[in-house]
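Read through the structure below, which is laid out as structure tokens, and then see the notes.
The values are calculated or read from the model by the stated rules, or taken from the named source; none is laboratory data. Please read all numbers here as calculations on a predicted model, not as lab measurements. Every residue, glycine among them, receives a Cβ derived from its backbone with ideal geometry; neighbour counts consider all protein chains shown. Side chains included, ligands, DNA and RNA excluded: accessible areas come from the protein's heavy atoms. Shrake-Rupley method; radii C 1.70, N 1.55, O 1.52, S 1.80 Å.
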There are 2 protein chains.
Amino acid sequence: MSDRKQFRTLESPETAREAIASLDLEPDPETVPLSDAGGRILAERVDADLDVPGFDRASVDGYAVRGRDTFGADEADPVELELVGTVHAGTEPDVEVGEGEAAEISTGAVMPEGADAVVMVERTEERHAEGAVRGVAAYTAVAPGDNVMLAGTDIAAGARALGPGTRLTPREIGLLSALGLEEVPVRGRPTVGIVSTGDELVRPGGDLRSEAGQIYDVNSYTIAAGVEEAGGEAELYPHAGDDYEEMERLLLDAAAECDLVLSSGSTSASAVDVIYRVIEERGDLLLHGVAVKPGKPMLVGELGGGAYVGLPGYPVSALTIFRTFVAPAIREAAGVPEPETATVSGRMAVRERYGEGRLRLMPAGLVNDADGDTLVYPVDKGSGATTSLVDADGVVAVDPDTEYLGEGNEVEVQLFSPDVRPPTLLAVGEPDPALSRVLDDLRSPRFLPVGSREGLRRLRGGVPDVAVVAGPTDREVESVDLGGWTREWGLVVPPENPDGIEGLGDLVDRDLAFVNRGTDSGLRSSLDAAVAELAADRDASQSALTDAIRGFGVGTKGFESPARAVARGDADAGLGLRATAESLGLGVVALGTESVRVRANPDRVGKPGVEELAAGVEAIDGVVDGLAGYGPD
Amino acid sequence: MSDRKQFRTLESPETAREAIASLDLEPDPETVPLSDAGGRILAERVDADLDVPGFDRASVDGYAVRGRDTFGADEADPVELELVGTVHAGTEPDVEVGEGEAAEISTGAVMPEGADAVVMVERTEERHAEGAVRGVAAYTAVAPGDNVMLAGTDIAAGARALGPGTRLTPREIGLLSALGLEEVPVRGRPTVGIVSTGDELVRPGGDLRSEAGQIYDVNSYTIAAGVEEAGGEAELYPHAGDDYEEMERLLLDAAAECDLVLSSGSTSASAVDVIYRVIEERGDLLLHGVAVKPGKPMLVGELGGGAYVGLPGYPVSALTIFRTFVAPAIREAAGVPEPETATVSGRMAVRERYGEGRLRLMPAGLVNDADGDTLVYPVDKGSGATTSLVDADGVVAVDPDTEYLGEGNEVEVQLFSPDVRPPTLLAVGEPDPALSRVLDDLRSPRFLPVGSREGLRRLRGGVPDVAVVAGPTDREVESVDLGGWTREWGLVVPPENPDGIEGLGDLVDRDLAFVNRGTDSGLRSSLDAAVAELAADRDASQSALTDAIRGFGVGTKGFESPARAVARGDADAGLGLRATAESLGLGVVALGTESVRVRANPDRVGKPGVEELAAGVEAIDGVVDGLAGYGPD
């Protein structure tokens, strides 16, 4: 502990980059079979070690001759040559061509000894004697080398074939095949060990105890996929607890086996503290804390002669810091340049304020306007949200001294992956099973299930292409109606309706546990309208009724959430669709039918993705077939 | 043979596309572990089957309370609550919060029964009694839901998570992890069997008998790499001879095992004829011959219920037809869209004539001008040349009725691979070992070893960035000299110079077998100058001297070719460099030192690749260190 470093201030992002660049991640080159070499990076120059073709080759069908024997030959005055044999492609000539002689030869065949040119068959005539071909007349003169592809014309032995750092695409594989290489020297792929920390994390596929606050481990698999994409090989290490001895053993094992060890923090701060201590005591901590949001708690160090980087715990933060600081170092070590498609330029679709005094890596989504130009909008669902991963397409680096980005400002988006492309459609609004089916037939739509009210608000903000709106709405937004459908809704109850619920009145009058939807939901708007109607019937205030319904005030997040609560036995009734009730094997007390409309931003009506969506909605009859309670509007 | 089809006319490319599209290549979906799912295509929609988070979660450190208990609390008038326990993240609460009670809670922990809000720790104060914490004062009111992330806020059970056809990049892997998926349903990768035909073909790594006209099999590996890139799985089948029975068995085996069988023709026409017969007799021949150059002999058919396509034999033709007609079908079957980077637009650097009456797929190279704009130039080395694979970057589809493409015309280049990028530098001219070393340090240069004379001619044509020119030159081309070096040259002879050759005169006066270089070579220009000098000395004509040198008239293709002929024992002396002689362990009779200059196209001097090259030439002293006979100019 004597050399404990003090980290009083956050380091600059540039210093963090330099610290990571100072680590040695580069593995030794390796040799792979040619058939596995596609996509790899050549480790050293390959010079040709043989001529291609390896022999002087006839490039036409005809007669191999000594060029000088044909001098002066023309249509009027052919040269007569004696036929001494035949040479086929892929066979060794068993004939020598002397003065005044010719050998029949086919394209690709080896030129026989003595011959130095080929007369095309079209310019010759066979001479017969005693019923057999004895000679040939050449009606044209050929110079030495005519119609012969000399050995080494394609590639000559000793020539530089491919340089170091060349990416091996099919064509390079072809050239290496022509040179006869069975194995190819390629850059090694750095091995990256990924250590998952946090007692609450469970591996996907494992049994999750939500009641104990457990969540699935997102970062290990996300970062592993990012490592592979950057040209590394990911190795997942088993879950580490917060015990110092166990963590030390795990990190040292990983450091010994890998070129780089990555960990990502968790909500359990103690695990991060333990890692910090292991790196300090057994390795060399180069950097702790970077002036970047997110990612302030980043660690960079060396351990057991290898490299170590600690990533933040929240998934979007972890992927952002990985993509910005770590992936470039892996690419460098692997010799893989960043693909051009890893960044795109676009204009800000909205104004956004900053001024936090440190580099901001802002999660951003992309949407194309009708002209195909890229618009960029901030995605801020709180850094803990996993869905930000798929709602955003990448990050925009905003300088510490930038106070705001204005609408229309040009920005560069560093995509989460070079394979990320802007969605063909950005839809927001009411989640709906029929909508899901329509979206399934589109190429790569994005749908944000923000509910009808919030969907309309966003449509008015001008970012999304369309909003999907269900139930009665109280706000007017300029839009183009692309069509819609209807859906039956009501109270989802257990199978056979054990409480004998007949309508909304039962929720008011009896002590039943109810689960509601949030106020952004179109279903909720329909329910509120039904409550208003009941209040009018009973000559009561709406609030008097809703206060009497146990659970009315708490809205759940998903359109199936109330029904699922009923299915779990946590509630007696929940707001939901007939279709949901049927798909979950529950009962439903129908309260009405509401309309779902797809409303487009007028500026985007001509956009291909919107046209595709409109065609899907047009064909809604087929889509809703078999969906209980659905019909055309 | 009764249903033998007649193919009297070549089909249109569109018909060929339709025939291939009519084949069923799509394999069944499969299930892969999440850790192997990166880059795959989701086969079906994934809806969330659980809430994320799966529990109501505290989003700050503080105290879990019933919100209504805090109503009216403020700095002046806190509410006093009884402390009933503590909840840590990742543990199951063992406490229930009743009226007037609070439980200490940490970020990420499960909200205990009874509590519906969290008061931030900063707005509280502990109350001690009898030396222990007994209670807490809340200095602010919280409403139900405050500082609580409700279950399902991130993703709600039942929500559409990812649509079918989604490419799984790291972020989608993250979302699937959050949902706890251990396995993922993905589109199958079509298996593509590749049948190599032609008796003269040898697998890379095998023993090549050049004297029998054997060549390495280029197409199998090139096409296999192309198949993998398009999202398929390639399977190489053993070499097939021209025997009908053997070919039939091989093709039927491949058809039974694969979704698609590809063969490529060879110079041996009989193999192609055999395949044709097998498809006709055992399958269904849909198409034979397409009006496209190259690729006229393309076959499309069905065999054993699977698909079959026959590609042309020449490597560039095979890759071109594969890329244009077959790869799109594999991508379609695999669900992988063609990457945007698979085509680039550019302007023709030169004028090019056509008018052949069929679709021309012209191999084309790319070069950037100083502004970074892409120029396109035709590459025509004869379709048999393997090096066209790496000298060209892709193909331009030229309509049958296009008579010419003018300089500056906009064209679209279909790259041989989405990973192909324009070279950073296009250099042409004299091959040279020092140049190779300089090029090794550049990012991705292209060098065409066309020789000094041809290099200068091309530089004048305006396409390349630089020409590398050795020896005396007889033409003036406007250019910027980037520097150079010198190299010693002479007659390369066997070790110890067994014939005691002392100079050029010996080649004239004695019966020695000599191997020369082609007239485009700078070395040859230096030799010609030496011959002229000797002729002057002897008062003889140059032709009298060169006629007397056996082998003077035939120029070999590579700069090492004469020396390698000497090494093989095929010649007594060869034109070459001292550096070549030493690297091959041969002797050399020095005849002089020639200058090698790097001359740049004046329009390209500001181009980054040219600047990098100039910097490399500037540092030539270090580069030539250890290269025998080399020095700075």
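Length available on full extension from A:Asp380 to A:Arg127: 0.36 nm per residue minus the Cα-Cα distance, which gives 82.2 nm. Just the protein heavy atoms count here, and of the accessible area of region B:423-633 at 1.4 Å, carbon and sulfur take up 45 percent. When the Cα positions of B:Val395, B:Thr374, B:Leu359 are compared along the charge dipole of region B:342-404, B:Leu359 comes out farthest toward the positive end, with charges on each C-beta of Lys, Arg, Asp and Glu. Cα centroids of region B:481-540 and region A:143-206: how far apart, whole angstrom? A separation of 38 Å, based on Cα centres. How big is the C-alpha Rg of region A:57-149 next to the rule-of-thumb value 2.2 N^0.38 Å, as a ratio? Normalised Cα radius of gyration, region A:57-149: 0.95. The calculated FRET efficiency for the pair A:Ala21 and B:Glu407, based on their C-beta separation and a Förster distance of 56 Å, comes to about 0.80. Of the residues in region B:323-340, those shielded by at least 30 Å² of accessible area once partner protein chains are present, compared with the chain alone at a 1.4 Å probe, are B:Glu340. Phi angles across region B:78-84 convert, under the Karplus curve 6.51 cos²θ - 1.76 cosθ + 1.60 with θ = phi - 60°, into 3J(HN,Hα) values of x, 9, 9, 10, 8, 7, 10 Hz, Gly and Pro given as x. Beta bridges assigned by DSSP with both partners in region A:59-217 are antiparallel in approximately 70 percent of cases. Considering only the Cα atoms of the protein assembly as shown, their convex hull presents on average a projected area of 60.6 nm².
Chains A and B together bury some 7200 Å² of accessible area, summed over both sides, with a 1.4 Å probe. Model label sites at A:Asp77 and B:Arg68, defined 7 Å from Cα along the beta-carbon direction, differ in position by 12.3 nm. In terms of the Cα gyration tensor, with a ≥ b ≥ c the square roots of its eigenvalues, is region A:341-422 rounded because a/c is under 1.5, prolate because a/b exceeds b/c, or oblate? Verdict is oblate for region A:341-422. Amide hydrogen proximity for A:Gly365: with H placed 1.01 Å from N in the peptide plane, the residues at 5 or more positions away or on another chain lying under 5 Å are A:Tyr377, A:Val379, A:Asp393. The tail of the calculated P(r) for chain A beyond 31 Å holds 68 percent of all Cα-Cα pairs.
Here the label points at A:Ala143 and A:Val480, each 7 Å from Cα along the C-beta direction, are separated by 6.8 nm in the simple model. The H on the amide N of A:Lys293, modeled in the peptide plane, is under 5 Å from the matching H of A:Leu359, A:Arg360, A:Leu361, each at least 5 residues off or on a different chain.
Close Lys pairs in the protein assembly as shown, defined as Cα atoms under 20 Å apart and 8 or more places apart or on different chains, number 8.
Full extension of the segment from A:Thr341 to A:Arg510, taken as 0.36 nm per residue of separation minus the current Cα-Cα distance, would add 54.8 nm. Accessible-area loss of 50 Å² or more (1.4 Å probe, protein heavy atoms, chain alone versus all protein chains) is found in region B:221-263 for B:Tyr221. In chain A, the sites counted are chymotrypsin sites (Phe, Trp or Tyr not before Pro) in DSSP loop states with at most 15 other Cβ atoms within 10 Å, and the longest stretch holding none of them, exclusive of the sites, is A:72-633.
On a per residue basis, the protein assembly as shown carries 40 Å² of accessible surface, using protein heavy atoms and a 1.4 Å probe. Count Lys and Arg as plus one, Asp and Glu as minus one, and take only other residues whose Cβ is under 12 Å from that of A:Ala143; the net charge is then -1. Placing R0 at 41 angstrom, the Cβ-Cβ distance between B:Arg443 and B:Glu245 gives a FRET efficiency of 0.20 after rounding to 0.05. Between B:Asp253 and A:Thr31, the C-beta separation translates, for a Förster distance of 30 Å, into a calculated FRET efficiency of about 0.45. Sorted from greatest to least, the principal axis extents spanned by the alpha carbons of region B:393-509 come out as 62, 31, 30 Å. Compared with its chain on its own, region A:427-463 contains the following residues whose accessible area drops by 40 Å² or more in the full protein assembly (probe 1.4 Å; ligands, DNA and RNA excluded): A:Ser436, A:Asp440.
Against chain A, whose longest principal axis comes from its Cα atoms, helix A:13-22 is set at around 40 degrees.
Given a 1.4 angstrom probe, I'd like the percentage of the accessible area of region B:53-195 that is carbon and sulfur, rounded to a whole number. Carbon and sulfur atoms account for 43 percent of the accessible area of region B:53-195. Only protein heavy atoms count here; under a 1.4 Å probe, B:Ile501 has an accessible surface of about 10 Å².
Please give the helix A:452-461 orientation as an angle from the longest Cα principal axis of chain A, in degrees from 0 to 90, rounded to the nearest 10. Value to nearest ten degrees: 60. Projection of the Cα convex hull of region B:139-203, averaged over all directions and equal to a quarter of that hull's surface, yields 9.2 nm². Nearest-5 percent of antiparallel DSSP beta bridges in region B:341-416? Expressed as a percentage, antiparallel bridges in region B:341-416 total about 90. Over the protein assembly as shown, DSSP H runs of length four or greater, each weighted -39,500 (n - 2.57), average out per residue to a 222 nm ellipticity of -7000 deg cm²/dmol. Close amide H pairs (under 5 Å, H built 1.01 Å from N) link A:Gly180 with no residue at least 5 positions away or on another chain. From the convex hull of the Cα coordinates of region B:540-633, what is the mean projected area in square nanometres? Average of the hull's projected areas for region B:540-633 equals 8.8 nm². With one equal scatterer per alpha carbon and no solvent term, the Debye-computed log10 I(q)/I(0) for region A:427-632 at 0.09, 0.15, 0.18 1/Å reads -0.35, -0.90, -1.19. Shown for B:Asp499: label points 7 Å from Cα along the beta-carbon vector, and their distances to the equivalent points in the other copies, 10.8 nm in ascending order. Compared with the dominant principal axis of the Cα atoms in chain A, helix A:522-538 is inclined by about 20°.
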